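The values are calculated or read from the model by the stated rules, or taken from the named source; none is laboratory data. Small disclaimer: the values here were computed from a predicted structure and weren't measured. As a convention, Cβ positions derive from the backbone with ideal geometry for all residues, glycine included, and neighbour counts pool all protein chains shown.
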Amino acid sequence: QIPGDQDTGGQDAVRAGQLAARFAEVYGHAPDGVWRAPGRVNLIGEHTDYNDGFVLPFAIDRSAMVAVRLRRASEPDPEAVELASTYAPDGHRLSRARFRIPGLAPGAVADWGAYPAGVVHVLAGLDDVQVPGFELLLDSTVPVGAGLSSSHAVEVATIVALNDLLDLGLDRPGMARLTQRAENEFVGAPTGIMDQSASLMGRAGAALFLDCRSLAAETVPLPLAEHGLAVLVIDTRVAHSHADGGYGARRASCEAGAAALGAASLREVPTGADLSALDAVTARRVRHVLTENARVLATVARLRAGDVAGIGELLVASHASLREDYEVSCPELDLAVDTALAAGAVGARMTGGGFGGSAIALVAAGEAGRTAAAVTEAFARAGHRAPSTFVVAPGEGAGRVR
Ligand code: ADP
Ligand code: MG
């Protein structure tokens, strides 16, 4: 079940052609190839990853695309890496970065260059792997900072490109683990493996059922269009300041809860376990994780049975659990979910770590625009900043486009 490199659609081919042309303008010669890696949405399974639990993300039809050319040994400074991105919020034409591979260490590359540099760092650290310098031009359609993992898309696009160009023969789970290491060891973010896995192993029209204990991954059908459904992302554009502290505190509660229950992780604790020995807050945190794992399994079962609309109530229950038991929602996320449901959504929930970020709503395909308008209006009435809304579809995982 490895995503087909060719199967990325005509639009991607056009985009890749434009990127190759732009690359030639920027660097003065053609790239060796063009690769893409999608962002992701987590359909269900929130705050379960670091508890060895289940998650069900899907790769979306928005991706980071990179054109790459290896530097030849005969060129000046063959160990230099030149990076450019069309995402340049400061008004420049391109965001550019440059580093040299010898002696590359965490902290040496700032800003977005740390993502490709982290990939270079872990690959160069593998036995028998020599990474030469290269030139890279990035163009991404994954919105930055909306919780759709634009950052992992950059890492994954870089690793699939280098895997091909250097003939490393890495498989998809291997590349997922390496990009996780790049993120943990080089970028310095203690993130799990879900986002990279979705970007690497996602399939069009499917979600990726991932067991975070064994890292086993299976695709599960998610034929939204065939069922007349769509997933609307509502980016609240809120980044609450206590997100980091809240995340750490939740992880600590889960570890304390597992220890008090005599389990190595909450994955080992049965869904209906007696939590009366725990203090009230820890019991609520644990209950969220146990019930969320059960909801992921129920979602997978319904999707396998062809009952796509039937997952709506599980999304709603997930949100309630995140709001009441795990306490990681916020007024904007609750308003997005409640308004979408009132407007007729089949299901809705916050997605991602919480305290801001995005919500998703499962809606009738023809109703996405009306639902988005209802949420935007409710935000205006509540005095919140306007959300950003867009429809995503389950797309193909990362691969070569050209
Ligand atoms: P997200 O939820 O989108 O992953 P993050 O804050 O984790 O949000 O990652 C966003 C960061 O990823 C940006 O600040 C930037 O460093 C990097 N990034 C993502 N897309 C691009 C791009 N197209 N060009 C340059 N950097 C990018
Ligand atoms: Mg990110």
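Based on this model, can you work out whether residue 200 counts as away from ligand 1 (no atom under 14 Å from the Cβ), buried (at least 19 other Cβ atoms within 10 Å of the Cβ), under 19 Å from the mean Cα position of the chain (by Cα) and in a strand (DSSP E or B)?
For residue 200, the condition - away from ligand 1 (no atom under 14 Å from the Cβ), buried (at least 19 other Cβ atoms within 10 Å of the Cβ), under 19 Å from the mean Cα position of the chain (by Cα) and in a strand (DSSP E or B) - is not met.
Tally time: how many residues in region 119-138 are farther than 30 Å from residue 240 by Cβ and near ligand 1 (Cβ under 7 Å from one of its atoms)?
Final tally of qualifying residues: 0.
Mind listing whichever residues of region 140-181 are more than 16 Å from ligand 2 (Cβ to nearest atom), crowded, with 22+ Cβ neighbours inside 10 Å and part of a loop (DSSP other than H, G, I, E, B)?
Once the filter is applied, which keeps residues that are more than 16 Å from ligand 2 (Cβ to nearest atom), crowded, with 22+ Cβ neighbours inside 10 Å and part of a loop (DSSP other than H, G, I, E, B), region 140-181 yields nothing.
Only one residue in 116, 89 is surrounded by fewer than 22 Cβ atoms within 10 Å (Cβ to Cβ), within 11 Å of ligand 1 (Cβ to nearest atom) and either modelled with pLDDT of 95 or more or in a loop (DSSP other than H, G, I, E, B) (or both), so which one is that?
89
Rundown of residues vs (1) assigned to a loop (DSSP other than H, G, I, E, B); (2) within 23 Å of the chain's Cα centre (by Cα), yes/no style:
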site: 237; (1), (2): no, yes
site: 244; (1), (2): no, yes
site: 256; (1), (2): no, no
site: 259; (1), (2): no, no
site: 264; (1), (2): yes, no
site: 273; (1), (2): yes, no
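Residue 97: within 16 Å of ligand 1 (Cβ to nearest atom), more than 19 Å from residue 181 (Cβ to Cβ) and in contact with a helix residue (DSSP H, G or I) (Cβ under 7 Å, 6 or more places away or on another chain), yes or no?
So residue 97 fits the description; yes.
Of the residues that sit in region 27-53 and are surrounded by fewer than 24 Cβ atoms within 10 Å (Cβ to Cβ) and hydroxyl-bearing (Ser, Thr, Tyr), which one is modelled with the highest pLDDT?
Once the filter is applied, the top-ranked residue is 27.
Quick check, is residue 318 assigned to a helix (DSSP H, G or I), in contact (Cβ under 8 Å) with a residue 12 or more places away in the chain, out of contact with any Cys (no Cβ under 9 Å at 6 or more places or on another chain) and among the polar types (S, T, N, Q)?
For residue 318, the condition - assigned to a helix (DSSP H, G or I), in contact (Cβ under 8 Å) with a residue 12 or more places away in the chain, out of contact with any Cys (no Cβ under 9 Å at 6 or more places or on another chain) and among the polar types (S, T, N, Q) - is met.
Take residue 308 and decide whether it is within 30 Å of residue 380 (Cα to Cα), touching a strand residue (DSSP E or B) at 6+ places or on another chain (Cβ under 9 Å) and either at pLDDT below 95 or crowded, with 18+ Cβ neighbours inside 10 Å (or both). Break it down stepwise before answering.
Values: within 30 Å of residue 380 (Cα to Cα): no; touching a strand residue (DSSP E or B) at 6+ places or on another chain (Cβ under 9 Å): yes; either at pLDDT below 95 or crowded, with 18+ Cβ neighbours inside 10 Å (or both): yes.
Criteria not met by residue 308.
Looking at 329, 358, which one is crowded, with 19+ Cβ neighbours inside 10 Å, assigned to a loop (DSSP other than H, G, I, E, B) and within 22 Å of the chain's Cα centre (by Cα)?
When all the criteria are applied, what remains is 329.
Do we find that residue 251 is in contact with an Asp or Glu (Cβ under 6 Å, 6 or more places away or on another chain), more than 30 Å from residue 364 (Cβ to Cβ) and assigned to a helix (DSSP H, G or I) in this structure?
no
Yes/no per residue for (1) more than 16 Å from ligand 2 (Cβ to nearest atom); (2) part of a loop (DSSP other than H, G, I, E, B); (3) closer than 24 Å to residue 29 by Cα:
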site: 78; (1), (2), (3): yes, yes, yes
site: 81; (1), (2), (3): yes, no, yes
site: 122; (1), (2), (3): yes, no, no
site: 131; (1), (2), (3): yes, yes, yes
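So for region 335-348 (the condition being at pLDDT 95 or above, under 21 Å from the mean Cα position of the chain (by Cα) and either in a strand (DSSP E or B) or closer than 24 Å to residue 200 by Cα (or both)), does at least one residue qualify?
Taking every residue of region 335-348 in turn, at least one turns out to be at pLDDT 95 or above, under 21 Å from the mean Cα position of the chain (by Cα) and either in a strand (DSSP E or B) or closer than 24 Å to residue 200 by Cα (or both).
On the given criteria, is residue 268 charged (D, E, K, R) and either surrounded by 14 or more Cβ atoms within 10 Å (Cβ to Cβ) or under 28 Å from residue 174 (Cα atoms) (or both)?
It is true that residue 268 is charged (D, E, K, R) and either surrounded by 14 or more Cβ atoms within 10 Å (Cβ to Cβ) or under 28 Å from residue 174 (Cα atoms) (or both).
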